[in-house]
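**Student:** Please read through the structure below; I'll follow up with questions.
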Amino acid sequence: MLQNFFILCSGADASLLKTCSQGEQNKYAGIGATVFFTAVMAFLASAYALYTVFDTIYTALFFGLIWGLLIFNLDRFIVSTIKKRDSFSSELLQATPRIILAIIIAMVISKPLEMKIFEKEINQVLLEQKNELTLANKDQIALQYTPVVEKLNQDITALKGEIITKEAETNALYETYISEAEGTAGTMLLGKGPVYSEKREKHDSALAELQQLKQTNTQKITDIETQIANLNLEYANSVAASQPIIDGFDGLMARINALGKLPWFPSFFIFLLFLAIETSPIIAKLLAPKGEYDIKLEEEESILKTWVTQKVQQRENILATDTALNNKIYSEIEEEEAVYAYKKQKAEALLRLQADAFHDLQVKSL
């Protein structure tokens, strides 16, 4: 039963093959098995490729099955149409379109297997790319907030600078009126005289202004720091919101690009493996020697061709003979006087009837 199934897969004439030896049947069963398992490999590879695209196993299996059946039908058709003759170049010419198609198919379906085999290496490349994307994403988002934050920090620095400057002025006034009281500067008189009082009042006024400035600028700095905190929170939220997109950067195209960054040599050998699998039905048929089945098939085709040629030639001869007989018969009838007189009599009667009918019609119209 299994042999019959593989013979069916080979596209051979089962009834004709049964009249051949067991070895010939085994040969075509082997060719059919090659066609079948090539379709199975095409189904598995395409299903995995589609699974990486749709991320749904049922959809991937359905379309993978369609692809496998397509490859099976194509291989079976081409294998069955390659006739074993005495010219290898003619057989190779018949198989050339399928070989070209096999190269294209091998390039397409080998990629999913490569991605599965080198999955760990691809994940490492993707991780590096995701890290680079994360850093680049943070830098891009920071461009929206950094100038504003820097401006606010500059405002804080300016407000603090105002306090420091005012403190320096107040401290200088303090040193001035203390020196005046000690008699080490100013009037050089020891004691708290009018000049001391004047300088003391300037210091006290500056100290009050310093206290007011500290209170005002501290409030402003607090407000600015609140703005900076809000901006930093918005920045963190923006980074967190865009991170899932980067984390999802592992689709089919991303993995193919990551595979391209790996050494080409192992991938090339996997491609050659699939190329061998895809071309195996054609190669098996081309390399198979001309056997009993091929001879019998060629004989049947020759018998059919001869029979059709004979039938066509017979119909042409019948047509030629019938045409010649008809020409001869009608030429002889043309020479007979009795036939001429009979035709003349009938023609005269027809003309009389036509004339009478025309006369009656004209009378009715008067």
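**Student:** Return the only residue of Ala42, Ala106 being under 22 Å from Leu287 (Cα atoms) and of a type in the set (Gly, Ala, Ser).
**Tutor:** Exactly one of Ala42, Ala106 is under 22 Å from Leu287 (Cα atoms) and of a type in the set (Gly, Ala, Ser), namely Ala106.
**Student:** Oh, and also: Can we say Lys296 is in contact (Cβ under 8 Å) with a residue 60 or more places away in the chain, assigned to a helix (DSSP H, G or I) and not assigned by TED's automatic domain parsing to the domain that holds Ser21?
**Tutor:** Taking the combined requirement at face value, the residue satisfies it.
**Student:** I need a count of the residues in region 289-321 that are modelled with pLDDT under 85 and either in contact with a helix residue (DSSP H, G or I) (Cβ under 9 Å, 6 or more places away or on another chain) or of a type in the set (D, E, K, R) (or both).
**Tutor:** Final tally of qualifying residues: 12.
Yes/no per residue for (1) in contact with a Gly (Cβ under 8 Å, 6 or more places away or on another chain); (2) of a type in the set (A, V, I, L, M):
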{"residue": "Val40", "(1), (2)": "yes, yes"}
{"residue": "Phe43", "(1), (2)": "yes, no"}
{"residue": "Ala47", "(1), (2)": "yes, yes"}
{"residue": "Thr56", "(1), (2)": "no, no"}
{"residue": "Thr59", "(1), (2)": "no, no"}
{"residue": "Phe63", "(1), (2)": "no, no"}
{"residue": "Phe72", "(1), (2)": "no, no"}
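Table: residues versus (1) assigned by TED's automatic domain parsing to the domain that holds Thr279; (2) among the β-branched types (Val, Ile, Thr); (3) assigned to a helix (DSSP H, G or I).
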| site | (1), (2), (3) |
| --- | --- |
| Ser110 | yes, no, yes |
| Glu114 | yes, no, yes |
| Asn123 | no, no, yes |
| Thr134 | no, yes, yes |
| Lys138 | no, no, yes |
| Ile141 | no, yes, yes |
| Tyr145 | no, no, yes |
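**Student:** Output yes when any residue across region 120-131 is among the aliphatic types (A, V, I, L, M), under 30 Å from Thr279 (Cα atoms), out of contact with any strand residue (DSSP E or B) (no Cβ under 6 Å at 6 or more places or on another chain) and modelled with pLDDT of 75 or more, and no when none is.
**Tutor:** Looking for residues that are among the aliphatic types (A, V, I, L, M), under 30 Å from Thr279 (Cα atoms), out of contact with any strand residue (DSSP E or B) (no Cβ under 6 Å at 6 or more places or on another chain) and modelled with pLDDT of 75 or more, one finds at least one in region 120-131, hence yes.
**Student:** So if I check each of Phe265, Phe274, which one is within 30 Å of Thr56 (Cα to Cα), assigned to a helix (DSSP H, G or I) and within 37 Å of the chain's Cα centre (by Cα)? Even if it seems obvious, please write down each step before you answer.
**Tutor:** Working: Phe265 fails: within 30 Å of Thr56 (Cα to Cα).
Only one candidate passes the filter, namely Phe274.
**Student:** Is it the case, given these coordinates, that Val308 is of a type outside the set (Lys, Arg), loosely packed, with under 10 Cβ neighbours inside 10 Å and in a helix (DSSP H, G or I)?
**Tutor:** So Val308 does not fit the description; no.
**Student:** Out of (1) loosely packed, with under 12 Cβ neighbours inside 10 Å; (2) at pLDDT below 75, what's the single condition that is false for Val339?
**Tutor:** Just one mismatch for Val339, condition (1).
**Student:** In region 34-56, which residues are under 18 Å from the mean Cα position of the chain (by Cα) and either among the β-branched types (Val, Ile, Thr) or not in a helix (DSSP H, G or I) (or both)?
**Tutor:** Matches in region 34-56: Thr52, Val53, Asp55, Thr56.
**Student:** Return the only residue of Ile295, Ile318, Ile329, Ile303 being surrounded by 10 or more Cβ atoms within 10 Å (Cβ to Cβ) and within 30 Å of Ile71 (Cα to Cα). Let's see the steps before the verdict.
**Tutor:** Working: Ile318 fails: within 30 Å of Ile71 (Cα to Cα); Ile329 fails: within 30 Å of Ile71 (Cα to Cα); Ile303 fails: within 30 Å of Ile71 (Cα to Cα).
Checking each option against the conditions leaves just Ile295.
**Student:** Considering region 237-251 alone, what residues qualify as being surrounded by 13 or more Cβ atoms within 10 Å (Cβ to Cβ) and either modelled with pLDDT of 85 or more or in a helix (DSSP H, G or I) (or both)?
**Tutor:** If the condition is that a residue be surrounded by 13 or more Cβ atoms within 10 Å (Cβ to Cβ) and either modelled with pLDDT of 85 or more or in a helix (DSSP H, G or I) (or both), then Ser238, Val239, Ser242, Gln243, Ile246 are the ones that fit.
**Student:** Are any of the residues in region 302-309 in contact with a Lys or Arg (Cβ under 6 Å, 6 or more places away or on another chain) and on the phi < 0 side of the Ramachandran plot?
**Tutor:** The answer is no, given that none of the residues of region 302-309 is in contact with a Lys or Arg (Cβ under 6 Å, 6 or more places away or on another chain) and on the phi < 0 side of the Ramachandran plot.
**Student:** Starting from region 5-34, take each residue that is within 15 Å of Ile295 (Cβ to Cβ) and surrounded by 13 or more Cβ atoms within 10 Å (Cβ to Cβ) and list its partners that are among the β-branched types (Val, Ile, Thr) and modelled with pLDDT of 80 or more, counting only C-beta distances under 7 angstrom and pairs at least six apart or across chains.
**Tutor:** Listed by first residue and then by second, the contacts come to Leu17/Ile7; Gln25/Ile7; Tyr28/Ile7.
The values are calculated or read from the model by the stated rules, or taken from the named source; none is laboratory data. The shown structure was predicted, so the numbers you read here are calculated from the model rather than taken from an experiment. No Cβ is skipped: glycine too gets one built from the backbone with ideal geometry, and neighbour counts run over all protein chains shown.
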